[in-house]
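Engineer: Quick one: the structure is below, and I'll ask about it shortly.
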Amino acid sequence: MQSAIISSLFLLANLHFNHHKATGIINGGGGGGTGGGGSYQHSIIKKFSPHPYFDFDVPRNITTRVGQTAFINCRVEQIGDKWVSWIRKRDLHILSAGMVVYTSDERFQVTRSEKSEIWTMQIKFAQQRDSGAYECQVNTVPKMSMTFQLNVVEAKALILGPTDIYVKIGSAVTLTCIITQGPHDLGTIYWYRGTNIIKPTETHPNETSIAYPPRISVDLKWTEALTSRLKILDAKLSDSGNYTCMPTSAEASSVMVHVLNEENPAAMQRGGSIARHSTTTCQLYLWAVLVVLFSRYYRPDWHS
């Protein structure tokens, strides 16, 4: 009898949903968008379902950086008196059941707010060995489970080229920073000169004083790697300094940019060597003159 009532409720909910879809309330002229029907049906199921079910709208492919805290969120609706267990799939280790943790690794912890549908497996100071599949299980009969993939990456930024860059005043400077870890979400990249963040030059149609293209620009692209290019046109002496590529989820990389009036920095360095060599030669010559003068004016009388 109970199953017949439940089936009737689901049938009624489905008819209600199809009626609104046909009349344009859902996915129609009301401008609700393409995702409205799924959300509406989800709310209908939530209202009438007597059994636990997973919310599949949560992230299931999670990426974090080495040393950070990883959060894996499993959302279970209508859980009632059931509970969630976390399983590490590579060795089938039961990490937790309910709020009790069954591992000696103190980095693992389960959190859940009061009456919340979200059960969170938290891994502090994540390491690359923590990467892999984790299963969220509900103790129903038969059991329910949903798998999450955790990626712990040791991402490092790299600015292509030498660590010291010499450019002539008035020329263009292009610094290219790449992060090859992927294809995971690695956030974005910020550029700094010294401790100051670099903001690209903004152009405005009513401001004729600002040239186009902008003197300073940043281009961020994702292909096989996350790539950011900092371009500086008409380099000035004030553009000299330490430039740092600072990703939100990777180690930073830095280079020194030297904007010079000299046409050839290598010649300047050789000039410094020549100057030091000339100084040494002058010192030797001076010592030779002193020896000659001393020998000429100081002659001891061997016969007295």
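The values are calculated or read from the model by the stated rules, or taken from the named source; none is laboratory data. Because the structure is predicted, anything quoted here is derived from the model rather than measured. No Cβ is skipped: glycine too gets one built from the backbone with ideal geometry, and neighbour counts run over all protein chains shown. For the accessible areas, the whole protein counts, side chains as well, though only heavy atoms, and no ligand, DNA or RNA atoms are used. Shrake-Rupley method; radii C 1.70, N 1.55, O 1.52, S 1.80 Å.
Engineer: In region 76-98, what residues are open to solvent by less than 20 Å² (accessible area, probe 1.4 Å), part of a loop (DSSP other than H, G, I, E, B) and of a type outside the set (Val, Ile, Thr)?
Structural biologist: Answer for region 76-98, where residues must be open to solvent by less than 20 Å² (accessible area, probe 1.4 Å), part of a loop (DSSP other than H, G, I, E, B) and of a type outside the set (Val, Ile, Thr): just GLY98.
Engineer: Looking at region 161-178, which of the residues that are over 15 Å from MET256 (Cβ atoms) and of a type in the set (A, V, I, L, M) is surrounded by the most Cβ atoms within 10 Å (Cβ to Cβ)?
Structural biologist: ILE178
Engineer: Can you tell which of ASP185, ASP219 is closer than 27 Å to LYS231 by Cα, open to solvent by 70 Å² or more (accessible area, probe 1.4 Å), at pLDDT below 95 and under 20 Å from the mean Cα position of the chain (by Cα)?
Structural biologist: One residue alone meets the criteria, ASP185.
Engineer: Of all the strands (runs of 3 or more DSSP E) wholly in region 106-160, which have at least 1 residues that are open to solvent by 50 Å² or more (accessible area, probe 1.4 Å) and not small (Gly, Ala, Ser)?
Structural biologist: In region 106-160, 108-111, 118-123, 144-153 are the strands (runs of 3 or more DSSP E) which contain 1 or more residues that are open to solvent by 50 Å² or more (accessible area, probe 1.4 Å) and not small (Gly, Ala, Ser).
Engineer: Evaluate the following for VAL101: is it surrounded by 19 or more Cβ atoms within 10 Å (Cβ to Cβ), over 28 Å from the mean Cα position of the chain (by Cα) and over 28 Å from ILE178 (Cα atoms)?
Structural biologist: So VAL101 does not fit the description; no.
Engineer: OK, next. Before we move on, is TYR190 aromatic (Phe, Trp, Tyr) and either closer than 30 Å to TYR243 by Cα or more than 28 Å from the chain's Cα centre (by Cα) (or both)?
Structural biologist: yes
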